[in-house]
Amino acid sequence: MSKPQSKPKRKPEHPPHINPTREKLHEIIFEADTPVGKVFDIALLILIVLSILMVMLESIDNFQANHKKILIIIEWVLTVIFTIEYVLRLWAVYNPWKYARSFFGVIDLLAILPTYIAFFFGGAQAFLVIRALRLMRIFRILKLGHFLSEGQYIASALRASFTKITVFLFFISILVTILGAIMYLIEGGTNQGFSNIPSSIYWAIVTLTTVGYGDITPLTAVGKMLSAIVMVLGYAIIAVPTGIVTGELIKQARDNRNNTQACRYCGQEGHDDDAEYCKYCGNILNLPKIENDDEESSMF
């Protein structure tokens, strides 16, 4: 008796709304763990650093006067490149409006918008406005956040430490108010800057944070003794928020061993290695591979 023939295994297919070209572009732009993605990130990093350098050199009057045309050409070339990159990022995700409203989406827009806006301003009366808009190009440095995957740990640790740090700052506010009032009572008649309680509180903040501007200094022996106590106390107080954030960083690093895969719908990263769906928007992360020799050619 012959065995029934097994049905041929059906090859997985992309969902009908998935565009292979957009998938490949998304992998290049948003994924940092692929060879092509790494090349893209390095090239983008070089362009960002170059644009920031141009902004700094433009602020030097002599350099700007001698190389004005070159600076303008380089700036427009960089602006066009960043514009193309911004448009490709919007097209590569399946929810462009959500990415455009995200932090990095806004930063990408701020990186290119000032140059275009400044182009339409004319006349000497608008010079200050143009200069302010050009200075906004320094926001391109925030595009470096695309390359700081570990920055997610810092952001998560700061959010987790927010309540503790808020309580700590409230305690510090009470402490500097008390110290300022005490120092006003001690040094109020010495004409050394302790003429009122707000000025004395300012001295307490400067001393407690170990900044020590020296514009207000105590004159009496009791005042100097209190200053010494506040200075020593400052070192202990600085260690408190550092310990809080460091503890949260260790906890985040232990609990969140995530990869750099970005969701094609919302652009969020930080998913688990075995995650199949985005934990932010719920859409699928990994699409099934189509076993077809012609697939790679159809991607382009």
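Data overview
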| item | result |
| --- | --- |
| Single residue of I201, I197 found to be within 37 Å of the chain's Cα centre (by Cα) and either among the hydrophobic types (A, V, I, L, M, F, W, C) or not assigned by TED's automatic domain parsing to the domain that holds K251 (or both) | I201 |
| Boolean, A157 is at pLDDT 65 or above, outside the structural domain of G243 (by TED's automatic domain parsing), part of a helix (DSSP H, G or I) and surrounded by 17 or more Cβ atoms within 10 Å (Cβ to Cβ) | no |
| Residue selected from region 89-99 under the condition among the aromatic types (F, W, Y) and crowded, with 17+ Cβ neighbours inside 10 Å, by the criterion modelled with the lowest pLDDT | Y94 |
| Residue list for region 173-185, filter: touching a residue at least 24 places away in the same chain (Cβ under 8 Å) and either touching a Ser or Thr at 6+ places or on another chain (Cβ under 6 Å) or not in a helix (DSSP H, G or I) (or both) | G180, M183 |
| Single residue of region 19-46 satisfying the filter (among the charged types (D, E, K, R) and out of contact with any Ser or Thr (no Cβ under 8 Å at 6 or more places or on another chain)) that is surrounded by the fewest Cβ atoms within 10 Å (Cβ to Cβ) | K38 |
| Pair list, Cβ under 6 Å, 6 or more apart: region 38-54 residue more than 16 Å from W76 (Cα to Cα), other residue modelled with pLDDT of 85 or more and surrounded by 17 or more Cβ atoms within 10 Å (Cβ to Cβ) | none |
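Residue by residue, here is whether (1) of a type in the set (D, E); (2) surrounded by fewer than 17 Cβ atoms within 10 Å (Cβ to Cβ); (3) at pLDDT below 65 holds:
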{"position": "R101", "(1), (2), (3)": "no, yes, no"}
{"position": "D108", "(1), (2), (3)": "yes, no, no"}
{"position": "G122", "(1), (2), (3)": "no, yes, yes"}
{"position": "Q125", "(1), (2), (3)": "no, yes, yes"}
{"position": "L128", "(1), (2), (3)": "no, yes, yes"}
{"position": "R134", "(1), (2), (3)": "no, no, yes"}
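The values are calculated or read from the model by the stated rules, or taken from the named source; none is laboratory data. Quantities reported herein were computed from a predicted structural model and do not represent experimental measurements. Neighbour counts run over all protein chains shown; Cβ positions are idealised from the backbone, glycine included.
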